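Beneath this line is the structure, given in structure tokens, with notes to follow.
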Amino acid sequence: MTNPVLKLDAITKQFGSGHTAVTALTDANFEVNAGEFVAIIGPSGSGKSTFLTIAAGLQTPTSGQVYLNGQPLTHQSERQRLAYRFNDVGFILQASNLIPFLTVREQFKLVDKLAKRPFQKEKTEKLLAELALSDVQNAYPNQLSGGERQRVAIARALYNDPSVILADEPTASLDTPRSIDVVKRLADEAHHHNKAIVMVTHDQRLISHCDVVYRIEDGHLARTETTKA
Amino acid sequence: MYLGLKEMWHEKLRYGLLSGVLLLIALVVFMLSGLANGLSVGNRQAVDQWRAKTVYLNKNANQSLAASQLKISDQTTVSGTHAPLANLSGTLRTTTNKLKTSASAFGTSRDSFIMPKVIKGHRINGKDQLLISAGLLDKGYHLGQKVRIGTTTHSVKIVGTYQTSTYSIAPTVYTDTSTLNRLKGSPITSGKDQPINAIVAKNSQFKSSDHDNLERLSITTFVSSLPGYSAEQLTLNTMIYFLFVMALAVIGIFMFVLTLQKSALFGVLKVQGIGTRHIIGALLSQSIAMALIGIGLGLAITIGLAQIMPAGLPFVIDWNAFGIYSVALLAAAVIGALLSWRTVANIDPAVAIG
Ligand SMILES: Nc1ncnc2c1ncn2[C@@H]1O[C@H](COP(=O)(O)OP(=O)(O)OP(=O)(O)O)[C@@H](O)[C@H]1O
Ligand SMILES: [Mg+2]
């Protein structure tokens, strides 16, 4: 048995206290391995975003522990968590997470500037080619279609070779064919590049491409049998 | 830096406009500085050229040269190198009244250390001779000309010129004490009872505590009590200081509003591990770039305007002051950007996931 890349151990998250307290997550256990594409599906308000923010180290859980590659995350400093998100996690957010005043190519250049290394031109071009984005590399985000933007976001998420990718409703703004395309590409990344991918969604149609499905309802997270044949 | 400058490039109009505002502020700062310096030079150039350390005036004169009345003999009460100084402000005019110019006339002993060095013509070696500032040559005055000063009918002859010199915003002329007293129409024009206005000295002290009617002023005090001098400088400098506050406010507000506008984007950046320090770095590089553009163009335009300014405008570039004011404007830009620090730090990345 390999170690899980990301593991949430008995996570509870409570907002507020006393009378008005809301428990967004109750004793959630979760793990994802390299090469695995996991979906978390649940209705609105069930705690999906809360789960992602805790996995990303953006919020601290009320109790429980998050492990990345076996290392506990919860008690790290703000700066260590920033570095964790920069280096080890790729994000694909619901709305576009691209920088509006940078061209597609410059989005990647920025990452290299921040990491204080020379621009990885070949890597960028290879990544863009894989995601069928070569023709738009000098376009600004507002000149791209919704599908192209999400594919750039995927490429951006992959750029630092993160061990885990967290996707928050990556298909929310897309029509069905484009959604299927994006999800297929994510599955492809997991299976061929050995990434651990966690996708939060409320779209049932997408889960057929995932290896493992968790359902979340009212803060209770439960692993279900895979729907895949 | 990359982030900040790329954004500026993409949003040229927005950042161009603020650079324009900073340019205007810098331009006004430099113009005021040039005027303040021009007025300062116009008032004190002659005093600076004396290279004196001390001035003795009548202690009832309220530190005013024109109001001070001393006698040649008062010089015996002070030590060190010193020179008598008689002063007359009036209209310099040719005997035909063809040329008329305000001038500050000084009378001192012919060989005193404040008598300017002649660059054309000869030193004063006889009665009723006058040296004029080189600046007066441009106005049509020349060697050998007979001129009068003030309302007198007594005329003197221009025998030499020296480097340009002004006092009380008027070009200076020098003569000997007796001649000046004749121009003034003083009853006594020779001997130790001749009236003078001041004693100008290098390192000098009173010889004894008994110096009845004299007051000793440092040259700095003397300059700051020149008529209007302190008020002018204070007014112009206060305007300059206000402009720094304005620059700070303009940049601070602009960067703050932009930060609020971009808080969603900054949240996303933070999710991706690009923290407050990088974001503030981007804001800083933008405000510094805008300040540099504004200051650079402001300097260039000021220098350009200085070339085509009417000669009557007392405008003199002081590179030291320009350097200090440039740095101060830059500092205002840096502080202005840093004012958004808390706002950036408080952006919660968790809101980008929802
Ligand atoms: N910062 C907060 N303060 C108080 N309550 C919160 C906070 N964040 C989330 N909650 C509550 O926690 C619960 C779970 O919210 P969460 O955002 O995780 O839901 P979600 O599954 O992402 O919903 P959606 O599909 O609508 O995005 C909700 O009841 C919400 O009101
Ligand atoms: Mg949500």
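The values are calculated or read from the model by the stated rules, or taken from the named source; none is laboratory data. Everything numeric here is computed off the predicted structure, so don't read it as measured data. Note that we place each Cβ from the backbone using ideal geometry, even for glycine, and neighbour counts take in every protein chain shown. Quick note on the areas: whole protein, heavy atoms, side chains included, nothing else; ligands and nucleic acids left out. Shrake-Rupley method; radii C 1.70, N 1.55, O 1.52, S 1.80 Å.
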If amide H atoms are modeled at 1.01 Å from N in the peptide plane, then the residues at a separation of 5 or more from B:LEU217, or on another chain, having amide H under 5 Å from its own are B:VAL55, B:TYR56, B:LEU57
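What is region B:189-335 by shape, rounded, prolate or oblate, if you read a ≥ b ≥ c off the alpha carbon gyration tensor as root eigenvalues and call it rounded for a/c under 1.5, prolate for a/b larger than b/c, and oblate otherwise? Write out the running numbers ahead of the final one.
Numbers: a/c = 4.46, a/b = 2.78, b/c = 1.61.
Prolate shape, in that a/c is at least 1.5 and a/b is the bigger ratio.
Compare A:HIS75, A:HIS19, B:HIS122 by solvent-accessible area with a 1.4 Å probe and give them largest first, with all protein chains kept in place.
A:HIS19, A:HIS75, B:HIS122
Report the GluC sites (Glu not before Pro) located in region A:72-148 that are in a DSSP loop and have at most 15 other Cβ atoms inside 10 Å of their Cβ, or state none.
Working: sites: A:GLU78, A:GLU106, A:GLU122, A:GLU125, A:GLU130, A:GLU148; in loops: none.
Passing sites in region A:72-148 do not exist.
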Kirkwood-based Rg/Rh on the Cα set of region B:60-212 evaluates to 0.97
Rounded to one decimal in Å, the inverse mean reciprocal Cα-Cα distance for the protein assembly as shown, i.e. its Kirkwood radius, is 30.4 Å
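Rounded to the nearest 500, what is chain B's calculated 222 nm mean residue ellipticity when only DSSP H runs of at least 4 contribute -39500 (n - 2.57) each, over all residues?
Working: 9 runs with 162 residues, N = 354.
Roughly -15500 deg cm²/dmol at 222 nm, from the helical runs in chain B.
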Cα-based convex hull volume of chain A per residue, rounded to whole Å³: 135 Å³
Note to self, chain A gives a 222 nm [θ] from helices alone (DSSP H runs n ≥ 4, -39500 (n - 2.57) apiece, / all residues, nearest 500) of -9500 deg cm²/dmol
Please report the carbon-and-sulfur percent of the accessible area for region B:60-212; probe 1.4 Å, protein heavy atoms only, DNA, RNA and ligands left out. 47 percent
Net charge of neighbours whose Cβ lies under 15 Å from the Cβ of B:VAL344, counting Lys and Arg as +1 and Asp and Glu as -1: +1
HN-Hα J couplings of region B:23-36 from phi, Karplus 6.51/-1.76/1.60, θ = phi - 60°, integer Hz, Gly and Pro as x? 4, 4, 4, 4, 4, 5, 4, 5, 5, 4, 4, x, 5, 4
Take chain A, mark every one of the trypsin sites (Lys or Arg not before Pro) that falls in a DSSP loop and has at most 15 other Cβ within 10 Å, then report the longest stretch left between them, sites excluded. A:1-115
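Rg(Cα) of chain B divided by 2.2 N^0.38 Å? Before the final figure, lay out each step's value.
Details: Rg = 29.0 Å, N = 354, 2.2 N^0.38 = 20.5 Å.
Dividing the Cα radius of gyration by 2.2 N^0.38 Å gives 1.42.
Hey, what's region B:60-212 come to in accessible area per residue, 1.4 Å probe, Å²? Walk me through the numbers on the way to the answer.
Working: 7080 Å² over 153 residues.
Dividing the accessible area of region B:60-212 by its residue count gives 46 Å².
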What's the local net charge at A:ASN97, with K and R +1, D and E -1, over the other residues with C-beta under 15 Å away? +2
Tell me which aspartates and glutamates have Cα within less than 19 Å of B:LYS127's Cα, excluding those fewer than 8 residues away on the same chain? B:ASP111, B:ASP176, B:ASP193
Region B:59-72 - phi-based ³J(HN,Hα) in whole Hz, Karplus 6.51/-1.76/1.60, Gly and Pro as x: 6, 8, 8, 6, 6, 9, 4, 5, 7, 7, 10, 10, 10, 3
Delta accessible area of at least 10 Å² on complex formation, residues of region B:257-294, 1.4 Å probe, chain isolated as reference: B:LEU265, B:VAL268, B:LEU269, B:LYS270, B:VAL271, B:GLN272, B:GLY273, B:ILE274, B:GLY275, B:ARG277, B:HIS278
Go through region A:56-81 and flag every residue whose accessible area shrinks by 50 Å² or more with all protein chains in place compared to the isolated chain (probe 1.4 Å). A:LEU58
Please check chain B for the longest run free of trypsin sites (Lys or Arg not before Pro) that are loop-located per DSSP (anything but H, G, I, E, B) and have at most 13 other Cβ atoms within 10 Å. B:208-354
If one takes the accessible area of chain A alone plus chain B alone and subtracts that of the pair, with a 1.4 Å probe, what total in Å², rounded to the nearest 100, results? 2300 Å²
Under 16 Å Cα-Cα from B:LYS202, which lysines qualify once same-chain neighbours fewer than 8 residues away are excluded? B:LYS53
So which residues of region B:2-32 lose at least 10 Å² of accessible area, probe 1.4 Å, when you go from the chain by itself to every protein chain present? B:TYR2, B:LEU3, B:LYS6, B:GLU7, B:HIS10
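Cross-link list B:LYS100/B:LYS184; B:LYS120/B:LYS184; A:LYS7/A:LYS109; B:LYS59/B:LYS207; A:LYS195/B:LYS270; A:LYS48/A:LYS109: which exceed 20 angstrom alpha carbon to alpha carbon? Working shown, then result.
Numbers: B:LYS100/B:LYS184 18 Å; B:LYS120/B:LYS184 26 Å; A:LYS7/A:LYS109 31 Å; B:LYS59/B:LYS207 17 Å; A:LYS195/B:LYS270 22 Å; A:LYS48/A:LYS109 32 Å.
From the list (B:LYS100/B:LYS184; B:LYS120/B:LYS184; A:LYS7/A:LYS109; B:LYS59/B:LYS207; A:LYS195/B:LYS270; A:LYS48/A:LYS109), the Cα-Cα distance tops 20 Å for B:LYS120/B:LYS184; A:LYS7/A:LYS109; A:LYS195/B:LYS270; A:LYS48/A:LYS109.
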